[in-house]
Amino acid sequence: MSIEIIKENFSIEKMIGKGDVQSLIETEVYLNIPIEDVEKVIWVHGDIRIQNTMIIRDKILVNGTINYNILMKDKEDKLQTLEAVKDFNEEIFIKDIKEDMESRVKGKIEYIEHEIEENRIAIKTLIDLKGQVETLKELEVIEAVEDSNDLEVLKEHLKYRQSYGSDRSTISIEESFIIDMNKPPADKVLKFFVDPKEIESTVVEDRIVLSGEAIVTLICLGEGEIYSVKEAVDFNHFLEIPGALEGSRGLVDLNVEAADYEILKDENDELRRVAVSITIEADGKVYKEDSKELLIDAYSIKEKIDIEKEELVLLEEIDCLKYEEAIDLEVSIDATDILDIRKENHILENYYENGKVHIDGILNLGIYYIDRIEDTIASRDEEVPYRIELPYDKEVEDPVFHIDEKVREIDFLINRENVGIDTTISFQISLKKEKTINAIKDIFETGEIIDKKSKPSIIVYIVQKGDILWDIAKRYNTTMEDILSSNGLPEDHKLEVLDKIIIEKNVNLSL
(Lines give C-alpha, C1' and ligand atoms only; values in the text may rest on other atoms or scores of the structure.)
Protein backbone atom coordinates (compact mmCIF):
# COMPACT_ATOMS: atom_id res chain seq x y z
CA MET A 1 0.00 0.00 0.00
CA SER A 2 1.23 3.47 -0.88
CA ILE A 3 -0.35 6.49 0.81
CA GLU A 4 0.11 9.94 -0.68
CA ILE A 5 -1.12 12.71 1.63
CA ILE A 6 -2.00 16.22 0.46
CA LYS A 7 -2.01 18.77 3.28
CA GLU A 8 -3.52 22.23 3.44
CA ASN A 9 -2.98 25.23 5.71
CA PHE A 10 -5.69 27.70 6.66
CA SER A 11 -6.15 30.42 9.26
CA ILE A 12 -8.95 31.08 11.68
CA GLU A 13 -9.55 33.91 14.12
CA LYS A 14 -9.78 32.56 17.66
CA MET A 15 -11.40 34.48 20.51
CA ILE A 16 -9.18 34.21 23.59
CA GLY A 17 -11.38 36.10 26.02
CA LYS A 18 -13.39 39.16 26.98
CA GLY A 19 -13.28 41.43 30.01
CA ASP A 20 -14.55 44.74 31.30
CA VAL A 21 -13.82 47.28 34.00
CA GLN A 22 -15.60 50.31 35.40
CA SER A 23 -13.72 53.26 36.81
CA LEU A 24 -14.66 56.56 38.44
CA ILE A 25 -12.60 59.39 36.98
CA GLU A 26 -12.43 62.61 39.01
CA THR A 27 -11.12 65.95 37.83
CA GLU A 28 -11.47 69.70 38.37
CA VAL A 29 -11.94 72.40 35.75
CA TYR A 30 -11.26 75.99 36.75
CA LEU A 31 -13.87 78.58 35.79
CA ASN A 32 -13.03 81.25 33.22
CA ILE A 33 -15.36 83.75 34.87
CA PRO A 34 -15.87 84.63 38.57
CA ILE A 35 -18.19 82.20 40.34
CA GLU A 36 -20.56 84.99 41.36
CA ASP A 37 -21.15 85.70 37.64
CA VAL A 38 -22.32 82.13 36.89
CA GLU A 39 -26.10 81.99 36.50
CA LYS A 40 -26.18 78.23 35.78
CA VAL A 41 -24.30 75.34 34.19
CA ILE A 42 -26.28 74.24 31.13
CA TRP A 43 -24.30 71.05 30.56
CA VAL A 44 -21.12 69.14 31.28
CA HIS A 45 -20.58 66.62 28.50
CA GLY A 46 -17.73 64.21 27.90
CA ASP A 47 -16.36 62.24 24.98
CA ILE A 48 -14.22 59.17 25.71
CA ARG A 49 -11.35 58.32 23.37
CA ILE A 50 -9.08 55.27 23.53
CA GLN A 51 -5.53 56.32 22.62
CA ASN A 52 -3.44 53.16 23.12
CA THR A 53 -3.81 49.56 24.25
CA MET A 54 -1.10 47.06 25.15
CA ILE A 55 -1.19 43.47 26.40
CA ILE A 56 1.07 42.53 29.32
CA ARG A 57 0.66 39.39 31.45
CA ASP A 58 -3.05 38.57 31.39
CA LYS A 59 -4.23 42.15 31.12
CA ILE A 60 -4.87 44.92 28.61
CA LEU A 61 -3.33 48.25 29.55
CA VAL A 62 -5.63 51.02 28.33
CA ASN A 63 -4.64 54.65 27.90
CA GLY A 64 -7.31 57.16 26.97
CA THR A 65 -8.77 60.62 27.46
CA ILE A 66 -12.10 62.16 28.37
CA ASN A 67 -12.67 65.38 26.46
CA TYR A 68 -15.05 67.64 28.39
CA ASN A 69 -17.26 70.36 26.94
CA ILE A 70 -18.89 72.70 29.49
CA LEU A 71 -21.52 75.29 28.67
CA MET A 72 -22.60 77.96 31.19
CA LYS A 73 -24.84 81.01 31.20
CA ASP A 74 -23.67 84.08 33.10
CA LYS A 75 -25.72 86.74 34.88
CA GLU A 76 -25.84 88.81 31.70
CA ASP A 77 -27.40 85.89 29.77
CA LYS A 78 -24.19 85.36 27.80
CA LEU A 79 -23.01 81.83 27.01
CA GLN A 80 -19.58 80.78 28.26
CA THR A 81 -17.73 77.62 27.19
CA LEU A 82 -14.97 75.59 28.79
CA GLU A 83 -12.94 72.76 27.29
CA ALA A 84 -10.83 70.29 29.31
CA VAL A 85 -9.07 66.96 28.83
CA LYS A 86 -8.52 64.29 31.49
CA ASP A 87 -6.15 61.37 30.90
CA PHE A 88 -6.86 57.94 32.35
CA ASN A 89 -5.01 54.62 32.57
CA GLU A 90 -6.86 51.40 33.33
CA GLU A 91 -6.33 47.63 33.22
CA ILE A 92 -8.69 44.95 31.89
CA PHE A 93 -7.89 41.46 33.16
CA ILE A 94 -8.37 38.57 30.71
CA LYS A 95 -6.87 35.16 31.48
CA ASP A 96 -4.31 33.56 29.13
CA ILE A 97 -3.75 36.55 26.86
CA LYS A 98 -0.26 37.20 25.50
CA GLU A 99 1.69 40.12 24.06
CA ASP A 100 1.50 38.93 20.43
CA MET A 101 -2.33 38.83 20.39
CA GLU A 102 -4.70 41.49 19.11
CA SER A 103 -6.73 43.58 21.57
CA ARG A 104 -9.78 45.76 20.95
CA VAL A 105 -11.26 48.10 23.55
CA LYS A 106 -14.47 50.15 23.48
CA GLY A 107 -15.24 52.86 26.02
CA LYS A 108 -18.58 54.23 27.21
CA ILE A 109 -19.45 57.02 29.65
CA GLU A 110 -22.11 55.76 32.07
CA TYR A 111 -22.76 59.11 33.73
CA ILE A 112 -21.22 62.50 34.56
CA GLU A 113 -21.86 64.39 37.80
CA HIS A 114 -20.64 67.92 38.49
CA GLU A 115 -20.66 70.45 41.30
CA ILE A 116 -19.40 74.03 41.47
CA GLU A 117 -16.85 74.47 44.27
CA GLU A 118 -15.39 77.96 44.80
CA ASN A 119 -13.68 78.83 41.51
CA ARG A 120 -13.87 75.44 39.84
CA ILE A 121 -16.21 72.68 38.68
CA ALA A 122 -15.62 69.27 40.29
CA ILE A 123 -16.49 66.49 37.84
CA LYS A 124 -17.01 62.77 38.47
CA THR A 125 -17.27 60.48 35.45
CA LEU A 126 -18.05 56.77 35.52
CA ILE A 127 -16.58 55.02 32.50
CA ASP A 128 -17.11 51.46 31.30
CA LEU A 129 -14.34 49.79 29.26
CA LYS A 130 -14.97 46.53 27.41
CA GLY A 131 -12.06 44.63 25.88
CA GLN A 132 -11.63 41.48 23.85
CA VAL A 133 -8.53 39.66 22.66
CA GLU A 134 -8.22 37.56 19.53
CA THR A 135 -5.43 35.72 17.80
CA LEU A 136 -4.88 34.29 14.33
CA LYS A 137 -4.36 30.54 14.51
CA GLU A 138 -2.70 28.63 11.66
CA LEU A 139 -4.06 25.11 11.14
CA GLU A 140 -2.64 22.26 9.06
CA VAL A 141 -5.04 19.52 8.00
CA ILE A 142 -5.14 16.70 5.46
CA GLU A 143 -7.03 17.83 2.39
CA ALA A 144 -6.95 14.52 0.50
CA VAL A 145 -5.40 11.07 0.39
CA GLU A 146 -4.44 9.76 -3.07
CA ASP A 147 -3.24 6.51 -4.70
CA SER A 148 -4.64 4.17 -2.04
CA ASN A 149 -7.71 2.11 -2.86
CA ASP A 150 -7.29 0.13 0.36
CA LEU A 151 -7.68 3.13 2.69
CA GLU A 152 -11.07 4.00 4.14
CA VAL A 153 -11.52 7.59 5.35
CA LEU A 154 -14.23 9.31 7.41
CA LYS A 155 -14.84 13.00 6.81
CA GLU A 156 -16.73 15.70 8.67
CA HIS A 157 -18.11 18.80 7.00
CA LEU A 158 -17.16 22.11 8.61
CA LYS A 159 -18.48 25.63 7.93
CA TYR A 160 -16.00 28.18 9.18
CA ARG A 161 -14.65 31.69 8.71
CA GLN A 162 -11.32 31.77 6.90
CA SER A 163 -9.33 34.75 8.20
CA TYR A 164 -6.72 36.56 6.12
CA GLY A 165 -5.55 38.89 8.88
CA SER A 166 -6.11 42.44 10.13
CA ASP A 167 -4.56 45.88 10.05
CA ARG A 168 -4.88 48.98 12.20
CA SER A 169 -3.74 52.40 10.99
CA THR A 170 -4.61 56.09 11.27
CA ILE A 171 -6.24 58.47 8.83
CA SER A 172 -5.17 62.12 9.03
CA ILE A 173 -7.56 64.74 7.69
CA GLU A 174 -6.76 68.45 7.26
CA GLU A 175 -9.64 70.24 5.58
CA SER A 176 -11.67 73.44 5.64
CA PHE A 177 -15.13 74.52 4.60
CA ILE A 178 -17.28 77.68 4.57
CA ILE A 179 -20.37 78.31 6.69
CA ASP A 180 -23.38 79.11 4.49
CA MET A 181 -24.11 82.77 3.85
CA ASN A 182 -27.70 82.32 5.06
CA LYS A 183 -26.28 81.90 8.57
CA PRO A 184 -24.44 84.55 10.57
CA PRO A 185 -20.65 84.40 11.08
CA ALA A 186 -19.55 82.14 13.96
CA ASP A 187 -18.54 84.31 16.89
CA LYS A 188 -18.30 81.27 19.16
CA VAL A 189 -18.54 77.47 18.86
CA LEU A 190 -20.61 75.93 21.65
CA LYS A 191 -20.23 72.27 20.64
CA PHE A 192 -18.05 70.35 18.18
CA PHE A 193 -18.61 66.75 17.04
CA VAL A 194 -16.91 64.44 14.54
CA ASP A 195 -18.54 61.17 13.44
CA PRO A 196 -16.63 58.84 11.10
CA LYS A 197 -18.77 57.01 8.56
CA GLU A 198 -17.83 54.18 6.23
CA ILE A 199 -19.23 54.70 2.73
CA GLU A 200 -17.70 51.69 1.00
CA SER A 201 -14.97 49.15 1.64
CA THR A 202 -13.73 46.75 -1.02
CA VAL A 203 -11.24 43.92 -0.65
CA VAL A 204 -8.65 43.70 -3.41
CA GLU A 205 -5.42 41.75 -3.41
CA ASP A 206 -3.49 42.33 -0.16
CA ARG A 207 -5.57 45.30 1.02
CA ILE A 208 -8.90 46.90 1.87
CA VAL A 209 -9.78 49.98 -0.15
CA LEU A 210 -11.83 52.27 2.08
CA SER A 211 -13.84 55.38 1.29
CA GLY A 212 -15.64 57.31 4.00
CA GLU A 213 -16.74 60.59 5.47
CA ALA A 214 -15.97 62.50 8.62
CA ILE A 215 -19.26 64.15 9.52
CA VAL A 216 -18.39 67.45 11.23
CA THR A 217 -21.10 69.11 13.34
CA LEU A 218 -20.75 72.51 15.04
CA ILE A 219 -23.27 74.30 17.21
CA CYS A 220 -22.41 77.98 16.80
CA LEU A 221 -23.37 81.35 18.24
CA GLY A 222 -23.31 84.31 15.89
CA GLU A 223 -24.99 87.72 16.08
CA GLY A 224 -27.15 86.45 18.98
CA GLU A 225 -28.42 83.46 16.97
CA ILE A 226 -27.66 79.82 17.84
CA TYR A 227 -27.50 77.48 14.86
CA SER A 228 -25.90 74.20 13.76
CA VAL A 229 -23.58 73.45 10.86
CA LYS A 230 -23.04 69.98 9.41
CA GLU A 231 -20.41 69.16 6.78
CA ALA A 232 -19.22 65.83 5.33
CA VAL A 233 -15.46 65.66 4.74
CA ASP A 234 -14.51 62.86 2.34
CA PHE A 235 -11.50 60.58 2.79
CA ASN A 236 -9.95 57.51 1.17
CA HIS A 237 -7.63 55.03 2.84
CA PHE A 238 -5.90 51.68 2.37
CA LEU A 239 -5.55 48.94 4.99
CA GLU A 240 -2.66 46.62 4.15
CA ILE A 241 -3.50 42.93 4.73
CA PRO A 242 -1.00 40.61 3.01
CA GLY A 243 -2.67 37.49 1.64
CA ALA A 244 -6.13 39.04 1.34
CA LEU A 245 -7.92 37.83 -1.78
CA GLU A 246 -10.12 39.91 -4.04
CA GLY A 247 -13.79 39.15 -3.47
CA SER A 248 -13.38 38.35 0.23
CA ARG A 249 -15.34 40.26 2.86
CA GLY A 250 -13.88 43.13 4.81
CA LEU A 251 -14.96 44.56 8.15
CA VAL A 252 -13.86 48.07 9.11
CA ASP A 253 -14.32 49.86 12.44
CA LEU A 254 -13.69 53.62 12.57
CA ASN A 255 -13.04 55.63 15.74
CA VAL A 256 -12.01 59.25 16.27
CA GLU A 257 -8.61 59.49 17.97
CA ALA A 258 -8.33 63.28 17.95
CA ALA A 259 -10.25 66.22 16.51
CA ASP A 260 -9.79 69.97 16.60
CA TYR A 261 -11.10 73.04 14.78
CA GLU A 262 -10.36 76.70 14.20
CA ILE A 263 -12.73 79.43 13.01
CA LEU A 264 -10.99 81.69 10.49
CA LYS A 265 -12.00 84.69 8.45
CA ASP A 266 -13.09 84.20 4.85
CA GLU A 267 -12.33 86.50 1.89
CA ASN A 268 -15.01 88.89 3.14
CA ASP A 269 -13.27 89.18 6.51
CA GLU A 270 -16.09 87.23 8.24
CA LEU A 271 -15.65 84.27 10.62
CA ARG A 272 -17.02 81.65 8.24
CA ARG A 273 -14.08 79.41 7.37
CA VAL A 274 -13.88 76.27 9.52
CA ALA A 275 -10.50 74.48 9.49
CA VAL A 276 -10.61 70.97 10.96
CA SER A 277 -7.82 68.60 11.94
CA ILE A 278 -9.03 65.02 12.48
CA THR A 279 -7.29 61.74 13.23
CA ILE A 280 -9.34 58.57 12.74
CA GLU A 281 -8.22 55.07 13.67
CA ALA A 282 -9.24 52.45 11.08
CA ASP A 283 -9.33 48.85 12.28
CA GLY A 284 -9.96 46.33 9.50
CA LYS A 285 -10.01 42.60 8.96
CA VAL A 286 -10.59 40.36 5.95
CA TYR A 287 -12.34 37.00 5.96
CA LYS A 288 -14.29 34.59 3.79
CA GLU A 289 -17.12 32.26 4.75
CA ASP A 290 -15.85 28.84 3.68
CA SER A 291 -16.47 25.15 4.15
CA LYS A 292 -14.16 22.19 4.28
CA GLU A 293 -14.25 18.43 4.71
CA LEU A 294 -11.80 17.31 7.40
CA LEU A 295 -10.51 13.75 7.79
CA ILE A 296 -11.41 12.59 11.29
CA ASP A 297 -10.64 8.85 11.01
CA ALA A 298 -8.99 6.36 8.67
CA TYR A 299 -8.09 2.68 8.45
CA SER A 300 -6.85 0.18 5.89
CA ILE A 301 -8.57 -3.14 5.24
CA LYS A 302 -5.22 -4.75 4.38
CA GLU A 303 -2.48 -3.09 6.41
CA LYS A 304 -2.25 -1.67 9.91
CA ILE A 305 -1.67 2.10 9.96
CA ASP A 306 -0.90 4.66 12.63
CA ILE A 307 -2.70 8.00 12.62
CA GLU A 308 -1.82 11.22 14.42
CA LYS A 309 -4.71 13.46 15.44
CA GLU A 310 -4.99 17.05 16.60
CA GLU A 311 -7.88 18.53 18.58
CA LEU A 312 -9.30 21.58 16.81
CA VAL A 313 -11.70 23.92 18.62
CA LEU A 314 -13.47 26.10 16.06
CA LEU A 315 -16.44 28.41 15.81
CA GLU A 316 -18.71 26.92 13.18
CA GLU A 317 -21.09 29.19 11.32
CA ILE A 318 -24.72 28.20 11.92
CA ASP A 319 -26.82 30.97 10.46
CA CYS A 320 -27.01 34.69 9.74
CA LEU A 321 -30.18 36.60 10.59
CA LYS A 322 -31.26 40.12 9.65
CA TYR A 323 -33.71 42.20 11.61
CA GLU A 324 -34.85 45.82 11.86
CA GLU A 325 -36.17 47.38 15.08
CA ALA A 326 -38.31 50.50 14.65
CA ILE A 327 -37.85 53.17 17.31
CA ASP A 328 -40.73 55.62 17.73
CA LEU A 329 -41.04 57.91 20.73
CA GLU A 330 -42.09 61.32 21.96
CA VAL A 331 -39.68 63.32 24.11
CA SER A 332 -41.21 65.85 26.51
CA ILE A 333 -39.30 68.97 25.54
CA ASP A 334 -40.72 72.26 24.34
CA ALA A 335 -38.42 73.24 21.49
CA THR A 336 -38.47 75.81 18.72
CA ASP A 337 -35.54 74.21 16.90
CA ILE A 338 -33.54 70.96 16.99
CA LEU A 339 -29.84 71.65 16.54
CA ASP A 340 -28.59 68.06 16.60
CA ILE A 341 -29.51 64.58 17.84
CA ARG A 342 -26.67 62.29 18.84
CA LYS A 343 -27.24 58.54 18.77
CA GLU A 344 -25.35 55.67 20.38
CA ASN A 345 -26.57 52.08 20.60
CA HIS A 346 -25.52 49.61 23.30
CA ILE A 347 -26.36 45.90 23.32
CA LEU A 348 -26.67 44.80 26.95
CA GLU A 349 -27.44 41.10 26.58
CA ASN A 350 -28.05 38.47 23.92
CA TYR A 351 -29.01 34.82 24.28
CA TYR A 352 -31.03 31.97 22.75
CA GLU A 353 -33.95 30.51 24.70
CA ASN A 354 -37.19 28.67 23.95
CA GLY A 355 -36.89 28.93 20.19
CA LYS A 356 -36.11 32.66 20.18
CA VAL A 357 -33.07 34.89 19.79
CA HIS A 358 -33.21 37.54 22.52
CA ILE A 359 -31.44 40.91 22.31
CA ASP A 360 -31.74 43.58 25.02
CA GLY A 361 -30.28 47.01 24.41
CA ILE A 362 -30.48 50.74 24.99
CA LEU A 363 -30.43 53.49 22.38
CA ASN A 364 -28.95 56.63 23.92
CA LEU A 365 -30.07 59.90 22.36
CA GLY A 366 -28.46 63.27 23.06
CA ILE A 367 -30.81 66.06 21.94
CA TYR A 368 -29.55 69.63 21.50
CA TYR A 369 -32.35 72.18 21.03
CA ILE A 370 -33.56 75.74 21.54
CA ASP A 371 -35.89 75.88 24.54
CA ARG A 372 -39.12 77.68 23.71
CA ILE A 373 -39.65 79.19 27.17
CA GLU A 374 -36.09 80.31 27.98
CA ASP A 375 -35.21 81.01 24.34
CA THR A 376 -31.73 79.56 24.75
CA ILE A 377 -29.85 76.36 24.05
CA ALA A 378 -30.52 73.26 26.13
CA SER A 379 -29.77 69.54 25.99
CA ARG A 380 -31.63 66.39 26.95
CA ASP A 381 -30.31 62.83 27.31
CA GLU A 382 -32.88 60.16 26.58
CA GLU A 383 -32.44 56.40 27.10
CA VAL A 384 -34.64 54.22 24.91
CA PRO A 385 -34.62 50.57 26.06
CA TYR A 386 -35.69 47.84 23.65
CA ARG A 387 -36.13 44.07 23.74
CA ILE A 388 -36.07 41.90 20.65
CA GLU A 389 -37.48 38.36 20.58
CA LEU A 390 -36.73 36.94 17.16
CA PRO A 391 -38.30 33.51 16.43
CA TYR A 392 -35.73 30.92 15.41
CA ASP A 393 -37.10 27.38 15.04
CA LYS A 394 -33.77 25.59 14.61
CA GLU A 395 -32.47 24.00 17.78
CA VAL A 396 -29.06 25.33 18.76
CA GLU A 397 -27.26 24.80 22.05
CA ASP A 398 -25.22 27.64 23.61
CA PRO A 399 -24.71 29.66 20.42
CA VAL A 400 -22.03 32.33 20.16
CA PHE A 401 -23.36 35.66 18.89
CA HIS A 402 -21.67 38.20 16.68
CA ILE A 403 -23.93 41.21 16.13
CA ASP A 404 -23.37 44.13 13.78
CA GLU A 405 -25.88 46.92 14.27
CA LYS A 406 -26.41 50.29 12.65
CA VAL A 407 -28.69 53.16 13.69
CA ARG A 408 -30.14 54.89 10.66
CA GLU A 409 -30.62 58.63 10.27
CA ILE A 410 -33.05 60.14 12.75
CA ASP A 411 -36.26 61.88 11.68
CA PHE A 412 -37.96 64.28 14.07
CA LEU A 413 -41.10 66.38 14.25
CA ILE A 414 -41.36 69.40 16.56
CA ASN A 415 -44.73 69.57 18.30
CA ARG A 416 -45.99 71.82 21.02
CA GLU A 417 -44.45 70.53 24.29
CA ASN A 418 -42.85 67.44 22.71
CA VAL A 419 -40.67 66.22 19.87
CA GLY A 420 -41.50 63.05 17.94
CA ILE A 421 -38.44 60.95 17.04
CA ASP A 422 -38.30 58.07 14.55
CA THR A 423 -35.38 55.85 13.55
CA THR A 424 -34.55 52.23 12.82
CA ILE A 425 -31.80 49.97 14.16
CA SER A 426 -30.63 47.38 11.63
CA PHE A 427 -29.16 44.15 13.01
CA GLN A 428 -27.08 41.48 11.31
CA ILE A 429 -26.89 38.55 13.74
CA SER A 430 -24.33 35.82 13.12
CA LEU A 431 -24.97 32.62 15.07
CA LYS A 432 -22.04 30.31 15.70
CA LYS A 433 -21.33 27.31 17.88
CA GLU A 434 -18.13 26.01 19.36
CA LYS A 435 -17.17 22.73 17.76
CA THR A 436 -14.40 20.33 18.73
CA ILE A 437 -13.01 18.08 15.99
CA ASN A 438 -10.25 15.50 16.36
CA ALA A 439 -8.86 15.87 12.86
CA ILE A 440 -6.19 13.65 11.36
CA LYS A 441 -2.86 15.44 11.13
CA ASP A 442 -0.78 12.60 9.64
CA ILE A 443 -1.00 8.95 8.53
CA PHE A 444 1.89 6.48 8.81
CA GLU A 445 2.25 3.10 7.10
CA THR A 446 3.50 0.24 9.34
CA GLY A 447 4.04 -2.45 6.71
CA GLU A 448 2.19 -4.94 8.95
CA ILE A 449 -0.36 -6.94 6.90
CA ILE A 450 -3.72 -7.75 8.52
CA ASP A 451 -4.25 -11.55 8.70
CA LYS A 452 -7.88 -12.34 7.82
CA LYS A 453 -7.48 -16.02 6.95
CA SER A 454 -8.04 -17.23 10.51
CA LYS A 455 -11.20 -15.17 10.97
CA PRO A 456 -14.76 -16.55 10.41
CA SER A 457 -16.14 -16.32 6.90
CA ILE A 458 -19.42 -14.84 8.14
CA ILE A 459 -20.18 -12.93 11.32
CA VAL A 460 -23.67 -12.04 12.49
CA TYR A 461 -23.40 -8.84 14.52
CA ILE A 462 -26.14 -7.49 16.80
CA VAL A 463 -26.19 -3.69 16.83
CA GLN A 464 -25.56 -2.15 20.25
CA LYS A 465 -26.49 1.28 21.58
CA GLY A 466 -24.12 3.95 20.21
CA ASP A 467 -22.94 1.86 17.23
CA ILE A 468 -22.40 3.54 13.89
CA LEU A 469 -21.71 1.71 10.66
CA TRP A 470 -18.20 3.22 10.36
CA ASP A 471 -17.07 1.83 13.72
CA ILE A 472 -18.41 -1.66 12.91
CA ALA A 473 -16.69 -1.74 9.51
CA LYS A 474 -13.40 -0.54 11.02
CA ARG A 475 -13.57 -3.15 13.83
CA TYR A 476 -14.00 -6.05 11.38
CA ASN A 477 -11.58 -4.79 8.68
CA THR A 478 -14.22 -4.38 6.03
CA THR A 479 -15.97 -1.44 4.40
CA MET A 480 -19.34 0.19 4.95
CA GLU A 481 -20.19 -0.48 1.30
CA ASP A 482 -19.50 -4.23 1.70
CA ILE A 483 -21.73 -4.44 4.81
CA LEU A 484 -24.59 -2.64 3.08
CA SER A 485 -24.20 -4.87 0.00
CA SER A 486 -24.11 -8.10 2.05
CA ASN A 487 -27.33 -7.12 3.81
CA GLY A 488 -29.14 -5.62 0.83
CA LEU A 489 -29.42 -2.24 2.55
CA PRO A 490 -29.58 1.23 0.94
CA GLU A 491 -26.80 3.83 1.42
CA ASP A 492 -28.92 5.95 3.76
CA HIS A 493 -29.91 3.08 6.07
CA LYS A 494 -30.01 3.96 9.77
CA LEU A 495 -28.91 1.31 12.24
CA GLU A 496 -31.22 0.47 15.12
CA VAL A 497 -30.39 -1.27 18.38
CA LEU A 498 -30.70 -5.10 18.14
CA ASP A 499 -30.54 -5.09 14.34
CA LYS A 500 -28.73 -8.17 13.02
CA ILE A 501 -26.25 -7.52 10.24
CA ILE A 502 -24.08 -9.96 8.28
CA ILE A 503 -20.37 -9.25 7.92
CA GLU A 504 -18.58 -11.31 5.24
CA LYS A 505 -14.84 -11.87 5.17
CA ASN A 506 -13.08 -10.77 2.01
CA VAL A 507 -9.56 -12.18 1.57
CA ASN A 508 -7.16 -11.03 -1.11
CA LEU A 509 -5.42 -14.31 -2.03
CA SER A 510 -2.62 -12.49 -3.87
CA LEU A 511 -1.13 -11.31 -0.55
Would you mind checking the radius of gyration and Dmax of the range 164-212 based on alpha-carbon positions, in Å? 17.3, 51
Is the C-alpha gyration tensor of the range 243-384 telling us rounded, prolate or oblate? Criteria: a/c under 1.5 is rounded; beyond that, a/b larger than b/c is prolate, otherwise oblate. oblate
Distance in Å, no decimals, from the C-alpha centre of the range 148-195 to the one of the range 65-81 is 34 Å
What does the charge dipole of the chain about its Cα centre add up to, to the nearest 20 debye, if the Cβ of each Lys and Arg holds +1 and the Cβ of each Asp and Glu holds -1? 1640 debye
Rounded accessible area per residue of the range 87-142, 1.4 Å, Å²: 56 Å²
Summed side-chain charge close to Ile123 - residues other than Ile123 whose Cβ falls under 12 Å, Lys, Arg +1, Asp, Glu -1: -2
With the Cα gyration tensor of the range 92-233 giving a ≥ b ≥ c as the square roots of its eigenvalues, does the rule (a/c under 1.5 for rounded; else a/b larger than b/c for prolate; else oblate) give rounded, prolate or oblate? oblate
Return the sequence-ordered ³J(HN,Hα) values of the range 76-87 in whole Hz as given by the Karplus equation 6.51 cos²θ - 1.76 cosθ + 1.60 applied to θ = phi - 60°, using x for Gly and Pro. 9, 6, 8, 8, 10, 10, 9, 10, 8, 10, 10, 7
Sorting check: for 10-18, 280-288, 357-365, 76-84, which peptide has the highest mean count of neighbouring beta carbons within 10 Å, and how do the rest follow? 280-288, 357-365, 10-18, 76-84
Among the lysines, select those whose C-alpha is under 21 Å from the C-alpha of Lys356, and discard any that sit fewer than 8 residues away in the same chain. Lys322, Lys394, Lys432, Lys433
With viscosity set to 1.567 mPa s and temperature to 4 °C, compute the Stokes-Einstein D of the range 209-312, Rh being the Kirkwood radius across alpha carbon pairs; µm²/s, no decimals. 66 µm²/s
Run the 1.4 Å probe and let me know the accessible area of His114, rounded to the nearest 10 Å². 80 Å²
Of every hundred units of 1.4 Å-probe accessible area on the chain, the number belonging to carbon and sulfur atoms, as a percent, is 43 percent
Option label - Cα Rg over 2.2 N^0.38 Å computed here, alternatives [x] 1.37; [y] 1.78; [z] 0.96: [x]
Where in the range 1-45 does the amide nitrogen come within less than 17 Å of the point 7 Å from the Cα of Lys188, taken along Cα to Cβ? 30-45
So, for the range 224-339, what is the accessible surface per residue at a probe of 1.4 Å, expressed in square angstrom? 49 Å²
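The values are calculated or read from the model by the stated rules, or taken from the named source; none is laboratory data. What you see is a predicted model; the values in this text were computed from it and never measured. Please note: Cβ atoms are built from the backbone with ideal geometry, for glycine as well, and neighbour counts cover all protein chains shown. These accessible areas exclude ligands, DNA and RNA; they are computed on the full protein's heavy atoms, side chains included. Shrake-Rupley method; radii C 1.70, N 1.55, O 1.52, S 1.80 Å.
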